[in-house]
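Just below is one structure, and these are the notes that go with it.
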Amino acid sequence: MRRLGKRLRSLREKAGLTQVEIAEAAQLDEKHYQTIESGLANVTFSTLVALARAFGISLGKLLEDV
């Protein structure tokens, strides 16, 4: 989970987005997104898909190096 969190943070920062902005784009609660990015939350498949869509990338690209 920590590797996924680091990946999400890296993608978010490269996109120039805040945690609030990416959470809204993925239709997630801001606090839930924060726990995912910090590596403290288990993530469902549907949440991963929503995050990939929010970043405008494929699920495979989202999970690259995770």
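The values are calculated or read from the model by the stated rules, or taken from the named source; none is laboratory data. Please read all numbers here as calculations on a predicted model, not as lab measurements. Positions of Cβ are backbone-derived with ideal geometry, glycine not excepted, and every protein chain shown enters the neighbour counts.
Remarks
- Matching residues, the stretch 16-46, being touching a His at 6+ places or on another chain (Cβ under 9 Å), closer than 16 Å to residue 3 by Cα and in a helix (DSSP H, G or I): none
- Per-region count, the stretch 51-60, residues surrounded by 13 or more Cβ atoms within 10 Å (Cβ to Cβ) and more than 17 Å from residue 1 (Cβ to Cβ): 4
- So residue 22, is it touching a Gly at 6+ places or on another chain (Cβ under 7 Å) and β-branched (Val, Ile, Thr): no
- For residue 41, the test of being surrounded by 15 or more Cβ atoms within 10 Å (Cβ to Cβ) and at pLDDT below 95 is passed.
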